[in-house]
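A.B. asks: Please find one structure pasted underneath; my questions will follow.
The values are calculated or read from the model by the stated rules, or taken from the named source; none is laboratory data. What you see is a predicted model, and the numbers here were worked out from it, not measured in a lab. FYI the Cβ positions are ideal-geometry reconstructions off the backbone, even for glycines, and counts take in every protein chain you see.
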Amino acid sequence: MTATLTTRPPIVFDLPHDLEAHEPPEARGLARDDVRMLVSRPDIEPAHARFRDLPRILDPGDLLVINTSATLPASLDAVRPDGSVVELHLSTPLPAGLWVVELRRPATPGTLPFREDVTGETLCLPGGGRVELLARFPRSARLWVASLHLPVALPAYLAEHGRPIRYGHVDHDWPLSAYQTVYADEPGSAEMPSAGRAFTPELITSLVARGVGISPIVLHAGVGSLETGEMPTPEPFRVPAATAQRVNATRANGGRVVAVGTTVVRALETVGDAQGVAHPGEGWTELVITAERGVRVVDGLLTGWHEPAASHLLMLEAVAGRQMLDDAYRAALAGRYLWHEFGDLHLLLP
């Protein structure tokens, strides 16, 4: 599949089907922290490692910032008035009890975005639930503002009828536990903040023993359809005062602030001022980070490998610069790293 970003792509490439991770690493006989990790630094060749090597790669005094949002079983079967079946993906809650949702059409493999105008339709959900599609979400051809009507509270309803969102590169359903990080404690993300999936309790202990700090934020990630290069939609976030203080102290003492995932970059940069000072904050972020905007609070980033059309590549260029990012993706393709939420990782350091 070949695609380009609408704004100066860092690199344009073909992603071979066999470099898509089709199952969790545990199903491939690996521990979570045994996935591969490419380490990028300026002006040197990318280095190949395993994620379990992270404690020896980071320095005492560095700070990892993690996203403790937990993944919802946010995919539901839905039936349109004409009897056709679609998948409903819950993305992001809105005020007044409304939701941003995505409809997807069944396909083999996986599903395809549903783009027809279905404004005003009411879809039937399992167990007597229904959803009213009220309007298209602004600036999106695939997202809708919807009203949910459920027979029980949402957590109980999703626990009984929902399943994790799955795209065509994953061959079959996996339990919700496969889509959770070990430190997830606040349900709310439509899709797993997957950069942190490889952490284990033992690895976290090793990092702390090494003198590497770990601090949390929360950002509930919405759906990120793989077939489009859309900019990210508004998402709810929270940066605690203790995390903001530790970020500022780390940088003042010469340490590096390393975001675990693009969600963390978005949250921290939202609360950072022009001088690079982080402040506590919560609410909704609409920030889109590009190379032109740059980053002010984050020094490094741990992330997965992103599709050619993904807007995340703009953020990665803001963190790493064009040349380092180009070199990394060429090395990852040549080294046959695995893409997507169950794949390998990329550590970008200053």
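A.B. asks: Do you know which residues across region 173-191 are of a type in the set (A, V, I, L, M), surrounded by fewer than 20 Cβ atoms within 10 Å (Cβ to Cβ) and assigned to a loop (DSSP other than H, G, I, E, B)?
C.D. replies: Listed by number, the list holds a single entry, 182.
A.B. asks: In addition: Could you please give the count of residues in region 195-212 that are surrounded by fewer than 22 Cβ atoms within 10 Å (Cβ to Cβ) and over 11 Å from residue 51 (Cα atoms)?
C.D. replies: Total meeting the criteria: 10.
A.B. asks: Would you mind finding the one in 132, 102 that is assigned to a strand (DSSP E or B), surrounded by fewer than 17 Cβ atoms within 10 Å (Cβ to Cβ) and assigned by TED's automatic domain parsing to the domain that holds residue 85?
C.D. replies: Step by step, each of 132, 102 is checked, and only 132 is assigned to a strand (DSSP E or B), surrounded by fewer than 17 Cβ atoms within 10 Å (Cβ to Cβ) and assigned by TED's automatic domain parsing to the domain that holds residue 85.
A.B. asks: Another one. Let me confirm something: among 263, 205, 200, which residue is among the β-branched types (Val, Ile, Thr) and touching a Pro at 6+ places or on another chain (Cβ under 6 Å)?
C.D. replies: 263
A.B. asks: While we're looking at this one, here's another question. Checking the condition within 19 Å of the chain's Cα centre (by Cα), more than 28 Å from residue 35 (Cβ to Cβ) and of a type in the set (Lys, Arg), which residue from 238, 251, 266 passes?
C.D. replies: 238
A.B. asks: Here is a follow-up. Looking at 346, 306, which one is on the phi < 0 side of the Ramachandran plot, without any contact (Cβ under 8 Å) to a residue 40 or more places away in the chain and either assigned to a loop (DSSP other than H, G, I, E, B) or over 13 Å from the mean Cα position of the chain (by Cα) (or both)?
C.D. replies: 306
A.B. asks: Consider only pairs whose beta carbons are under 7 Å apart and that are at least six residues apart or on different chains; among these, list those whose first residue lies in region 204-221 and is in contact (Cβ under 8 Å) with a residue 40 or more places away in the chain and farther than 10 Å from residue 62 by Cα and whose second residue is of a type in the set (Phe, Trp, Tyr) and crowded, with 21+ Cβ neighbours inside 10 Å.
C.D. replies: Close Cβ pairs (under 7 Å, with a partner that is of a type in the set (Phe, Trp, Tyr) and crowded, with 21+ Cβ neighbours inside 10 Å) amount to 217/237; 218/237; 219/237.
A.B. asks: Is there a residue being of a type in the set (D, E, K, R), within 21 Å of residue 23 (Cα to Cα), outside any helix (DSSP H, G or I) and under 18 Å from the mean Cα position of the chain (by Cα) anywhere in region 323-338?
C.D. replies: Checked region 323-338: no residue is of a type in the set (D, E, K, R), within 21 Å of residue 23 (Cα to Cα), outside any helix (DSSP H, G or I) and under 18 Å from the mean Cα position of the chain (by Cα).
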